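So the structure is just underneath, and the comments pick up after that.
The values are calculated or read from the model by the stated rules, or taken from the named source; none is laboratory data. These figures come from a predicted structure and were not determined experimentally. Here the Cβ is made from the backbone with ideal geometry for all residues, glycine too, and neighbour counts use every protein chain on show.
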């Protein structure tokens, strides 16, 4: 019997001691089954020098980075039945998001706290004031309640309110090793600690790639080289060697090196090739005079003039590429062609020299154009404004008011008839010799013309006082500010728009549930208060075990004491 009681006593002692010493661990483990992400970690209601020196810290208790957008802090006074919003985290824009690393802390502070802690970088501003004697703070995100902490005689708390901190203390959530204690009991989860900042901020920014050129296929995170943003669209600068933006090559010729060379205004040979004087129905806006560039180089027609009788029309900014045609309608030129008694149309260059002249016609048929083909003027029932002339489809045509058979003369020696246009063209010889270009010229491989070498030392307008010249593009750009900011930590970079240090992160992939980006982040360990060994609990367990053993062995102990007395031990 004595052995059985002794064995039970020893076993009971060890079980009681184990249960009492591990009670807090069991409570925390039970709360881990329902893991929370964002919790209130610290709370300070004032300091010895200022009652408004306040801050609230929020900790990411999960194992993944969490997005902070929509996270808000609310305050309720002791006698109040409502909540007042005091601070919120909001993304800067749709392309810049706020996140917090796993285990990281975010700080919301008052202006008075910043004044007392010079150089401290807060994550959000905390407005208003919290009562030191009692009150409550609630953490929400997108209208969902996440956590509540009440102190003193507050109307809001979890199970029981926590102790009231003095002006030199703050409330801090208990951390067992790396596990945040959250038993939904404020009095059990929070302890009073001396004031002080325990950890650096774990908040970082994530930049979402933005398409800066929506009008270009694919994702463009930067404006491509030789492109500029014009009225919200990315347009290519055709002539990158010309100062300013050129959307087209009008007025320029692209040489063999891809550079734009301005086309000089010169009296080049331009042909009047087609007139449409009589259109069935109303003629207005349908009559045209056609010009053709027979040269192997670009011609700028700015300053050329068309003369019809007493009227004239001066062309402006019209560039004809080699072999091109252009139709000038009466609605633009104001030149109305007579139907019965034709007049010559004459083209003059800028210097007044005659360049081309049409022949006269009489009694123009409806919808017949007066064309020049193979060196001869004739009517054709196939008008081709802006294109190569075509002979009439009829077997005869009216030339000068007389019926004539549509017969083409043989081409002279050294020429052949183009089967598409019926025009006589020179038979090119491979032995044609070219005159060498001057020393300040080069030969354009596309046109075989000698072009002036463009100077790389052309004078540029000086940049403004707050600008510098880009050595790659020769364009003026704003000089970035060199504010005296402390360098960011390793692994972070400075946001040029906000001057905040941000973690370098990319949205390379998305979680399976689509809730957020799969980011790689360093876990910031939250400092743990030094709770030490729970000697009070262990002592209580030992005293209880000794009392239980004495109770179970009371008969044996009584007999032992009687034997000792009978032996006269105490008498001695």
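Quick notes
- The range 280-332 holds strands (runs of 3 or more DSSP E) entirely within its bounds, and those carrying 3 or more residues that are over 46 Å from the mean Cα position of the chain (by Cα) map to 288-292, 305-308, 311-314.
- Of all residues in the range 174-184 being part of a loop (DSSP other than H, G, I, E, B) and touching a strand residue (DSSP E or B) at 6+ places or on another chain (Cβ under 7 Å), the one that is nearest to residue 57 (Cα to Cα): 174
- Qualifying residue in the range 336-344 (condition: over 29 Å from residue 412 (Cα atoms), more than 57 Å from the chain's Cα centre (by Cα) and part of a strand (DSSP E or B)): yes
- Only residues that are over 17 Å from residue 310 (Cβ atoms) and surrounded by fewer than 18 Cβ atoms within 10 Å (Cβ to Cβ) were counted in the range 341-351, giving 2.
- Residue match in the range 325-340 (condition: farther than 23 Å from residue 304 by Cβ and in the same structural domain as residue 285 (by TED's automatic domain parsing)): yes
- Some residue of the range 107-118 being in contact with a helix residue (DSSP H, G or I) (Cβ under 8 Å, 6 or more places away or on another chain) and buried (at least 16 other Cβ atoms within 10 Å of the Cβ): no
- Selected residue (only one of 86, 67 is closer than 24 Å to residue 113 by Cβ and either surrounded by 15 or more Cβ atoms within 10 Å (Cβ to Cβ) or at pLDDT 90 or above (or both)): 86
- Flag for residue 98 being under 30 Å from the mean Cα position of the chain (by Cα), more than 17 Å from residue 172 (Cβ to Cβ) and assigned to a strand (DSSP E or B): yes
- Scanning the range 146-173 for residues that are out of contact with any strand residue (DSSP E or B) (no Cβ under 6 Å at 6 or more places or on another chain) and either assigned to a strand (DSSP E or B) or in contact (Cβ under 8 Å) with a residue 40 or more places away in the chain (or both) yields 152, 153, 155, 167, 168.
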